[in-house]
Number of protein chains: 2
Amino acid sequence: MSDSSKSSNRPEFDLIDWIAQQLTSSHGLQLGIGDDAAILSQERGWEWVTAVDCLVGGTHFLNDTPLELVGRKSLAVNLSDVAAMGAVPVSALIGLVIPKSMKRSDVERLCMGIIELAKTWNVSIAGGDTNSCDGPLMISVTVFGRVETGTAVLRSGAQVGDALFVTGRLGGSLKSGRHLSFSPRISEARELLANSRPTAMLDLSDGLAGDLLHVSRRSGVGFVIEAERVPIHDDVDHSLPFEKRLAHALTDGEDFELLFTVNSEAAEKLERSGELLGTPVTRVGSCVPGSQIQIQLGGELSPLSPGGWVHHLD
Amino acid sequence: MSDSSKSSNRPEFDLIDWIAQQLTSSHGLQLGIGDDAAILSQERGWEWVTAVDCLVGGTHFLNDTPLELVGRKSLAVNLSDVAAMGAVPVSALIGLVIPKSMKRSDVERLCMGIIELAKTWNVSIAGGDTNSCDGPLMISVTVFGRVETGTAVLRSGAQVGDALFVTGRLGGSLKSGRHLSFSPRISEARELLANSRPTAMLDLSDGLAGDLLHVSRRSGVGFVIEAERVPIHDDVDHSLPFEKRLAHALTDGEDFELLFTVNSEAAEKLERSGELLGTPVTRVGSCVPGSQIQIQLGGELSPLSPGGWVHHLD
């Protein structure tokens, strides 16, 4: 790793070096590319958070997806994980497994997608590893973020009486291609951390219905979702009846919006402003005793399962 | 990542959780599996080093390689990178892309290989990501190690007059299968750091002839290798003439031994003892002015290229 020698079988593909040369930042790094490992800078009062995500061709993107967008997404999903901790992204390690048939120009387009997003967020590339294979394109990104010691927002802190919020609007992400071009909610999360002290937070990757289960389990609380409040994205087909549109918002996944809980005082302020740095925030429910997740529609409560919504009106 | 939800399409394959349950250690972690990201513990006076390596079926291991050994190797190559910095391995993130045809029992065998080696070195699993694909098995391991602040051994510190050493014996690793079962030289590196203060160090993955070039370039020095001193592994065919055996030792690769430089005082002590914690150490050459890497055989000097040895006697 961080070791250009690892790509020495295809010396023209010294990709990790090449990516690093496109970036001027060595932000957060004591030592970057070129040694056996990178050294992360220490800064008193901050601690490191880290996450990895693998993207695979044919699963997380189609084989005809523009490669810039594939590269962009591979970093963006990781930045979204960092945001969900309330942390600032700092650096990343890139692991690439490239189909032998892929042209150099295509590989560069893939990398440019990573580079452009890294520049946007001042994320440095600490190193990586490149390989070729007879198989689909695979990209593994490990991201490092920094958060003030002891302030990371976990999934386990939701309290009965807290209000449940989401940023943005939900549903239709895969169909519209939004999953390739979304903006990780890093600034919104930092703003929340500074002014609303969220008690629990995660990023929505599987859909609200599924992801809320993680908060419920780890916090040991239940939730009631108010159906009419769920912000349905314009990407969801307008001609569908409300309940179908709602189901899309709850279960489509890959929204990469923040789902978070705050106490009632912070909730009031957030509801009044309705936005965080220009991104809408919407109260969609509340945290209740127990372990059930329910949805309230037309005055009636129904269980909400990870697979989606158990329709109670049919 | 660290997010069991990522494997929710195959809930029975909650692998990262499962791996973590086999380990009791949460060494070096403020927060482990189960949230959007892991939090690394801070310890005053130490800094973090990190590296990533991807292993791909058909490239780094054959499709009939025992899966325990594949799993073991995926972690071992990363531990070797950490060792080459003089650091202590602490934790790892595991990214798995599993062929859809692979049986659960085979996946568990793969994971047991990772787990057993992690236990040996008290390495905790901080999180990961699992996916399935129509393609070869891919394992991406990100490793975290700790080293006393400012003491990491880089590739860039070799000085003219230093002696060049290797641990163990070289050559024949791929043919014999040693590349699957080698012991990362973590303890030896720590011992060196404590008592010999190496000026430069790396782990041999591409072979001495190729990897030494990295030290040469980054340190801005040349090297002379003394051919008769190169410790040739028993895995290299004994029936071959010396020069062929030497070529194997210099270029086969995947030795995962340490290559390091020390000053003359430390060199004398190391040569006298001839071992580090039971592992042989051998002086194979010295650091000279310039930028060339040469090999001395029978009183004659020839250039040594990364591809190997330019034979001067033919």
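The values are calculated or read from the model by the stated rules, or taken from the named source; none is laboratory data. As the structure is a prediction and not an experimental result, all values here were calculated from the model. Don't worry about glycine lacking a Cβ; one is built from the backbone with ideal geometry, like all the others, and counts go over all protein chains shown. Just so you know, the surface numbers come from the protein's heavy atoms only, side chains and all, with ligands and any DNA or RNA stripped out. Shrake-Rupley method; radii C 1.70, N 1.55, O 1.52, S 1.80 Å.
For the structure I just gave you, tell me whether A:Leu93 is in contact with a Gly (Cβ under 6 Å, 6 or more places away or on another chain) and at the interface with chain B (Cβ under 10 Å from one of its Cβ atoms). Step through it out loud before you land on a result.
Numbers: in contact with a Gly (Cβ under 6 Å, 6 or more places away or on another chain): yes; at the interface with chain B (Cβ under 10 Å from one of its Cβ atoms): yes.
Yes; evaluated as a whole, the condition is true for this residue.
Looking only at the range B:163-186, which residues are away from chain A (no Cβ under 13 Å), of a type outside the set (A, V, I, L, M, F, W, C) and open to solvent by less than 10 Å² (accessible area, probe 1.4 Å)? Step through it out loud before you land on a result.
Just the residues of the range B:163-186 that are away from chain A (no Cβ under 13 Å), to begin with: B:163-183.
Then keep just the ones that are of a type outside the set (A, V, I, L, M, F, W, C); that gives B:167-169, B:171-173, B:175-179, B:181, B:183.
Scanning the range B:163-186 gives B:Thr167, B:Gly168, B:Gly171, B:Gly172, B:Ser173.
Looking at (1) open to solvent by less than 10 Å² (accessible area, probe 1.4 Å); (2) within 9 Å of chain B (Cβ to nearest Cβ); (3) touching a Gly at 6+ places or on another chain (Cβ under 6 Å), which is the only condition A:Ala37 fails?
Just one mismatch for A:Ala37, condition (3).
Would you check which residues across the range A:251-272 are open to solvent by 30 Å² or more (accessible area, probe 1.4 Å) and under 19 Å from A:Ile186 (Cα atoms) and list them? Walk me through it before giving the result.
Here is the first cut: in the range A:251-272, the residues open to solvent by 30 Å² or more (accessible area, probe 1.4 Å) are A:251-252, A:254, A:263-265, A:268-269, A:271-272.
Listed by number, the list holds a single entry, A:Glu254.
Hey, can you tell me all the residues within the range B:223-244 that are surrounded by 11 or more Cβ atoms within 10 Å (Cβ to Cβ), without any contact (Cβ under 8 Å) to a residue 12 or more places away in the chain and more than 29 Å from B:Ser291 (Cβ to Cβ)?
B:Leu240
Would you call B:Ala152 at the interface with chain A (Cβ under 7 Å from one of its Cβ atoms) and assigned to a loop (DSSP other than H, G, I, E, B)? Lay out the reasoning, then the answer.
Working: at the interface with chain A (Cβ under 7 Å from one of its Cβ atoms): yes; assigned to a loop (DSSP other than H, G, I, E, B): yes.
So B:Ala152 fits the description; yes.
Looking at A:Ile115, A:Ile125, which one is more than 17 Å from the chain's Cα centre (by Cα) and assigned to a helix (DSSP H, G or I)? Even if it seems obvious, please write down each step before you answer.
Values: A:Ile125 fails: assigned to a helix (DSSP H, G or I).
Checking each option against the conditions leaves just A:Ile115.
Can you tell me which residue is modelled with the lowest pLDDT among those in the range A:9-34 that are open to solvent by 20 Å² or more (accessible area, probe 1.4 Å) and assigned to a helix (DSSP H, G or I)?
Filtering the range A:9-34 for residues that are open to solvent by 20 Å² or more (accessible area, probe 1.4 Å) and assigned to a helix (DSSP H, G or I), the one modelled with the lowest pLDDT comes out as A:Glu12.
Among the residues that make up the range A:196-204, is at least one of them surrounded by fewer than 21 Cβ atoms within 10 Å (Cβ to Cβ) and out of contact with any His (no Cβ under 6 Å at 6 or more places or on another chain)?
Checking the range A:196-204: at least one residue is surrounded by fewer than 21 Cβ atoms within 10 Å (Cβ to Cβ) and out of contact with any His (no Cβ under 6 Å at 6 or more places or on another chain).
Taking the criterion of being farther than 30 Å from A:Lys175 by Cα, surrounded by 24 or more Cβ atoms within 10 Å (Cβ to Cβ), modelled with pLDDT under 95 and of a type in the set (Gly, Ala, Ser), would at least one residue in the range A:40-59 satisfy it?
no
Do the conditions hold for A:Asp81, that is, is it on the phi < 0 side of the Ramachandran plot, within 13 Å of chain B (Cβ to nearest Cβ) and of a type outside the set (A, V, I, L, M, F, W, C)? I'd like the intermediate steps shown before the answer.
Working: on the phi < 0 side of the Ramachandran plot: yes; within 13 Å of chain B (Cβ to nearest Cβ): yes; of a type outside the set (A, V, I, L, M, F, W, C): yes.
Considered against the rule, which asks whether it is on the phi < 0 side of the Ramachandran plot, within 13 Å of chain B (Cβ to nearest Cβ) and of a type outside the set (A, V, I, L, M, F, W, C), A:Asp81 comes out as yes.
Those residues that are assigned to a helix (DSSP H, G or I) and in contact with a strand residue (DSSP E or B) (Cβ under 9 Å, 6 or more places away or on another chain), I need them from the range A:173-189; list them, please. Spell out the reasoning first.
Pass one, the range A:173-189, residues assigned to a helix (DSSP H, G or I): A:173-176, A:178-181, A:186-189.
Once the filter is applied, which keeps residues that are assigned to a helix (DSSP H, G or I) and in contact with a strand residue (DSSP E or B) (Cβ under 9 Å, 6 or more places away or on another chain), the range A:173-189 yields A:His179, A:Leu180, A:Ile186, A:Ser187, A:Glu188, A:Ala189.
Looking at (1) surrounded by fewer than 24 Cβ atoms within 10 Å (Cβ to Cβ); (2) modelled with pLDDT of 95 or more; (3) facing chain A (nearest Cβ under 7 Å), find the lone condition where B:Leu117 falls short.
(3)
Being out of contact with any Ser or Thr (no Cβ under 7 Å at 6 or more places or on another chain), assigned to a loop (DSSP other than H, G, I, E, B), more than 12 Å from chain A (Cβ to nearest Cβ) and open to solvent by 10 Å² or more (accessible area, probe 1.4 Å), is that true of even one residue in the range B:66-78?
yes
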